[in-house]
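J.: To start, I am sharing the structure in question, which I have written as structure tokens.
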Amino acid sequence: MKKNFFRKVGFGIGPDELVPDDPVSWAQNQVNKVPPLIWDNRIRSGEEMLNHYAEWVYTDREILRKKHKENRHAYREAKNKLRYKVGQKYFENLEICIRQNTVLKSKSPVFERLWLFWCNHFAIIDKDAMPQFTTGPYHRETIRTNMCGSFETLLKEATLGWSMIHNLDNSESIGPQSEWGKNRRKRGKLATVNENHARELLELHTVSPAAKYTQQDVVQLSYIMAGWEHRHTKKRKECNPVRFNYKKHEPGNHKVLGKTYKQRGLSPKNKLFDVLKDLAIHPETRRFISYKLCRHFLTDNPTEDMIAPIVSAWEQSDGNLPTIHKALLKVVYDYADKEVKFQNPEVWMLQMVHMVGGNWPLQADEMKYNFKIKPNNHQRKPRFFMKEIGYEPYRPIQPNGYSDIESDWISPELLIRRMSAPKEIAQRRITLKNFGQMIDKNFDNAEEIKYLIKDIKSPSTKMQLIFPSYRMLKT
Amino acid sequence: MINRRTFLTGSITVTLLGSPLFSALAEKRKKKNLVVISLRGGMDGLSAVPPTDPILEKFRPDILVRKTLPLTSDFSLHPSLKNFHNAWKQGKAAIVHSSNIPYTMRSHFEGQDLMESGGHKPFAEHTGWLGRGMETAGLEGLAIALPMPLILRSKANLDNYFPTKLSTPSPDIMKQVATTYPKDSHLRSTIERVMMRPFSMLSGTGSRKAFRLASTAAKALSKSDGPRVAVFDINGFDTHAAQGGSNGEHADKLYNLDKIFGQLRENLGSTFENTLIVTLTEFGRKVEQNGGNGTEHGYGTAILMMGGLIKKAQVYADWPGLKLRNMFEGQDLNATIDARSIYCSAMATVFDTDFQKLNRHVFWNDPLENLQDKLFGI
């Protein structure tokens, strides 16, 4: 039996779980609907979190900096107080807990793995106060809730979400011939588009460079996107909902990838919807994302044969994500005994926790916070731990997200972290009593793993031997 | 050659037994060091080293750098780069301007891949130019980063260092774990490298601030049996918005870079005389500012160089000018010098290895120019 399949597309088999008889249906049945988030307390909405973000930037920039401009010490003290009041050091830890608790306790671990994949596909980089306030909610509300519809909807929601608009600077775009553009020029100021978002939309989110778009395509798409912004106000800074501001939009028709986009009806905002629709069904988009899915779940070097069934599911279902995911899961199962895939630090750590019944992450009662003093060491552990193992979910440094390639995850220091992390998890208690059973349930070559821990008594030592070993790192 | 043990314990000196990289020749030569600082995001050379050309103000009314530090009659320096400027005044710093890797497509990911691999096609190479160069010269190096940067990757499987606060894996555990990794695999050679470290080094704690790491690295480089190459990464040069002139986002980033220059110089001590520090970035930025007081992805940029191995204080350039017809695609500072010529020349100087040999092994014998005589004193 291909037992590594349960780690390839999930988090392995936990102490209280049985090995499913029909792995492919087991996996495919998990991707039809969005499972609930699991957290024993109220989960704050993205809107609420944007308010915290707004309070943080406004108070700091407009009040504290002016009030304490002569006294650096007083400024620092006041800023720390503000930090605690708005949860600047708290919420990122809380979000990591909500994310990892949901993933670990979910009835649909396969869905959760796909969730982590899509969060990374539409990556939000570490910029401004986004990791502290808004990227977690973006993953929960924008990515997760749109994973069981069409790719087009997911693309549209991600592209026009506050997080992406802010992350890729689209609010900075001013069409040169727009009303604002002309006004600015009259005052001797420049008005141009910011190409960042348009370029990543093509390169990373949809067609990839394989579509051979040109600099002209990028500029034209930037014109189409100009006007999609979060308003910048004195009281809330960048923390305003996304809107379409036609006064910044470049009028006229624009040609992207050989097709001309024109205004239909009264508002030119449809031009972007039309482009997104075409990008979502572009053959290179299907290919690129099918390739990326295989690369994430199956092997660093996917072949044509692996990609083909996923591309075809994409074509036949008009980009229906559950259908695409099911095709992927079948392919992964078919090749499970032939291909091994190096697991990134977060997925690997969650697999370890799941397989030993680890007491991670911190629970809602441990994360109670009074917004008055610095969160305690314990409450800051989630971020600390993720940083140590080299995977901070809300802080990729580039818009292409974290790598899926083995060589990017191997270095002396990163390998040391894989050997240190099991002890941390063991110290927080585990429920697993019978390691032999866990090994039988999770590994085809059980004897090899059992040999590794023979004569070992301490569960912590057992974990330190099993989890950094070859079969766990490469699944 | 390199002895990581000396690096952190300070007292134990052990030769890496049977290290394939050990080169008797290398040991006889005077130890020279190369430090490469990657400026990720696309560093704006027109802001770091602005030309004295009134046309620039037309393109950049809101982000023009003022109160610059004097360099030559044609160029000046961003006021954030004070340490660099001090070195310049002593003839220990130089600039190559209007240069870049031969990549014009303006994508960070492709550009950063190519600036590290030194190749032509994005994502086609799995090793880096510095790694291949060190392999050619038979040297080892050290990356101050948690993952291993592409630039250092090569068959020679190099080392990295980054402080941790987690508990230490015991040597017995490591030995056991290592047996599960296939012979000749990347995992196996990596864990073997870890096992060669002394126990004390595995739990190395310390500050992770870039300038602190710079002082750690400089101290390691200054030891006669320490590593000879170090690589740093600084993020955040992608200044699409609020780039600013003398103050602002770009000024802050340059200030961080300058702090690293300062820490390196201070902690290298007399070794500074045998050291060459060079910067690396994926591209420059457009000449014209955008609506958000920032700049878009461009092409040509400046390379900052510092250290005792610099020939003289100079801005070396085949300056194309900022007239519209001289710009690349009518919008960027053109690149008239292949940056790889500089890196190949730098390696030839520091590694005491023939330029042509390095070019053959590292850059596929591309038409690169040997700039050793022009830029570096030997």
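Any read-out appearing in this document is the output of simple, stated calculations on the displayed coordinates, not a laboratory observation. Predicted model, so just to flag it, every value in this text is computed and none were measured. With ideal geometry, Cβ positions are generated from the backbone for all residues, glycine too; neighbour counts draw on all protein chains shown.
J.: Please express the shape of segment A:163-281 as an equivalent ellipsoid: the semi-axes are the square roots of 5 times the eigenvalues of the C-alpha gyration tensor, given largest first in whole angstrom.
T.: Working: eigenvalues 105, 55, 38 Å².
Taking √(5λ) for each Cα gyration eigenvalue gives 23, 17, 14 Å.
J.: Moving to a separate point now. For segment A:349-475, what number results from the quotient of the Cα radius of gyration and 2.2 N^0.38 Å?
T.: On the way: Rg = 16.5 Å, N = 127, 2.2 N^0.38 = 13.9 Å.
After normalising by residue count via 2.2 N^0.38 Å, the value is 1.19.
J.: Reachable lysines from B:Lys155, Cα under 16 Å, same-chain residues fewer than 8 places away excluded?
T.: B:Lys183
J.: Under the definition of Cα pairs under 8 Å and six or more residues apart, what whole-number percent is the relative contact order of chain A? The partial results should precede the final answer.
T.: On the way: 718 pairs, mean separation 107.6, N = 475.
Computed value for chain A: 23 percent relative contact order.
J.: Another one. May I ask you to derive the relative contact order of chain B, considering only C-alpha pairs under 8 Å and at least 6 residues apart, and to give it as an integer percent? Display every interim value, and only then the final one.
T.: Numbers: 803 pairs, mean separation 109.8, N = 378.
Relative contact order, chain B: 29 percent.
J.: What does the structure give for B:145-154 when I average, per residue, the other chain Cβ atoms found within 10 Å of the residue Cβ? Walk me through the intermediate numbers first.
T.: Numbers: counts 3, 10, 9, 8, 2, 2, 0, 1, 4, 0.
Per residue, the average neighbour count from other chains is 4.
J.: Next up: Using only Cα positions of segment B:247-378, each an equal point scatterer, no hydration layer, compute I(q)/I(0) via Debye at q = 0.11, 0.12, 0.17, 0.23 Å⁻¹ and quote the log10 values to two decimals.
T.: Rounded to two decimals, the profile gives -0.50, -0.59, -1.06, -1.35.
J.: Can you give me the Cα centroid spacing of segment B:267-303 and segment A:242-295 in angstrom?
T.: Between the Cα centre of segment B:267-303 and that of segment A:242-295, the gap is 34 Å.
J.: Each residue of segment A:204-212 in order: what ³J(HN,Hα) in whole Hz does its phi give by Karplus 6.51 cos²θ - 1.76 cosθ + 1.60, θ = phi - 60°, with x for Gly and Pro?
T.: 9, 8, 10, 6, 6, x, 4, 6, 6
J.: Still on this model: Report the far tail of the P(r) of segment A:1-144, meaning the percent of Cα-Cα pairs longer than 21 Å.
T.: Numbers: 5622 of 10296 pairs.
Tail of P(r) above 21 Å: 55 percent of Cα pairs.
J.: Could you work out the local net charge near B:Ser341, counting Lys and Arg as +1, Asp and Glu as -1, over the other residues with Cβ closer than 13 Å to its Cβ? Walk me through the numbers on the way to the answer.
T.: Values: positive: B:Arg340, B:Lys374; negative: B:Asp318, B:Asp338, B:Asp366, B:Glu369, B:Asp373.
Net local charge, B:Ser341 excluded: -3.
J.: Let me ask another. Calculate the spin-label point distance for A:Arg61 paired with B:Lys67, positioning each point 7 Å from the Cα along the beta-carbon direction, and give it in nanometres.
T.: Once both label points are built, they end up 2.2 nm from each other.
J.: Taking every Cα atom in chain A, find the radius of gyration and the maximum pairwise distance Dmax, and write them in Å.
T.: Answer for chain A, Rg first and Dmax second: 24.0, 82 Å.
J.: Computed FRET efficiency, Cβ-Cβ of B:Ser185 and A:Asp305, R0 22 Å: what is it to the nearest 0.05? Could you put the intermediate results ahead of the total?
T.: Numbers: r = 25 Å, r/R0 = 1.15.
So the FRET efficiency works out to roughly 0.30.
J.: Loop-only check: which trypsin sites (Lys or Arg not before Pro) in segment A:136-216 are DSSP coil with at most 11 other Cβ within 10 angstrom?
T.: Values: sites: A:Arg140, A:Arg144, A:Lys156, A:Lys182, A:Arg184, A:Arg185, A:Lys186, A:Arg187, A:Lys189, A:Arg199, A:Lys212; in loops: A:Arg187, A:Lys189, A:Lys212.
Loop-located and lightly packed - A:Arg187, A:Lys212.
J.: Take the alpha-carbon centre of segment B:322-347, take the same for segment B:84-154, and report the distance between them in whole Å.
T.: 16 Å
J.: Based solely on its DSSP helices, what 222 nm [θ] is calculated for chain A when runs of n ≥ 4 H residues each add -39,500 (n - 2.57) and the sum is averaged over all residues, nearest 500 deg cm²/dmol? Walk me through the numbers on the way to the answer.
T.: On the way: 24 runs with 234 residues, N = 475.
Result for chain A, helices only: -14500 deg cm²/dmol.
J.: Calculate, for A:Ile38 and A:Asn377, the FRET efficiency according to 1/(1 + (r/R0)^6) with r their C-beta to C-beta distance and R0 25 Å; round to the nearest 0.05. Kindly include the intermediate steps, with their values, before the conclusion.
T.: Values: r = 25 Å, r/R0 = 1.00.
That gives a FRET efficiency of 0.50.
J.: Something else about it: So how far apart, in nm, are the two label points at A:Ala446 and B:Arg212 if each is 7 Å from Cα heading toward Cβ?
T.: 4.8 nm
J.: Next question, about the same structure. Looking at the protein assembly as shown, send over the antiparallel percent of its DSSP beta bridges, to the nearest 5.
T.: Details: 24 of 45 bridges.
Beta bridges within the protein assembly as shown, antiparallel portion: roughly 55 percent.
J.: Could you pull out the GluC sites (Glu not before Pro) across segment A:34-126 that fall in loop regions by DSSP (anything but H, G, I, E, B) with no more than 11 other Cβ atoms inside 10 Å? Please list the in-between numbers first.
T.: Details: sites: A:Glu47, A:Glu48, A:Glu55, A:Glu62, A:Glu70, A:Glu77, A:Glu92, A:Glu95, A:Glu112; in loops: A:Glu70.
Counting only loop positions with at most 11 other Cβ atoms within 10 Å, the GluC sites (Glu not before Pro) in segment A:34-126 are A:Glu70.
J.: Using Cα springs under 10 Å in a Gaussian network model of chain B, which residue among B:Ser99, B:Ser246, B:Ser170 shows the largest mean-square fluctuation?
T.: B:Ser170
J.: Please work out the Cα center distance from segment A:186-225 to segment A:386-464, rounded to the nearest Å.
T.: 41 Å
J.: Taking H placed 1.01 Å from N in the peptide plane, check which residues at least 5 places from A:Glu250 or on another chain put their amide H under 5 Å from its amide H.
T.: HN-HN under 5 Å from A:Glu250: A:Gly175, A:Ala226.
J.: Further, regarding this structure: May I ask you to list the lysines whose Cα is less than 25 Å away from that of A:Lys255, ignoring any residue fewer than eight positions away on the same chain?
T.: In chain and number order, the partners are A:Lys156, A:Lys182, A:Lys212, A:Lys247, A:Lys269, A:Lys271, A:Lys277, B:Lys286.
J.: Let me ask another. Expressed as cubic angstrom per residue, what is the convex hull volume of the alpha carbon set of chain B? Present the calculation step by step, with values, prior to reporting the outcome.
T.: Working: hull volume 51.0 nm³, N = 378.
So the per-residue Cα hull volume is 135 Å³.
J.: What Kirkwood hydrodynamic radius, in Å, does the protein assembly as shown give when the mean of 1/r is taken over all pairs of distinct Cα atoms and then inverted?
T.: Values: mean 1/r = 0.0352 Å⁻¹.
It is 28.4 Å.
J.: Can you give me the span-like helices of chain B, meaning DSSP H runs with 27 Å or more of Cα extent along the axis and Kyte-Doolittle mean at or above 0.5? Write out the running numbers ahead of the final one.
T.: Working: long enough: B:249-268 (29 Å, -0.87).
In chain B, no H run is both long and hydrophobic enough.
J.: Which of the aspartates and glutamates could a cross-linker span from B:Lys121 if the Cα-Cα distance has to be under 17 Å and same-chain partners fewer than 8 positions apart are dropped?
T.: A:Glu203, B:Glu110, B:Asp113, B:Glu282, B:Asp338, B:Asp366
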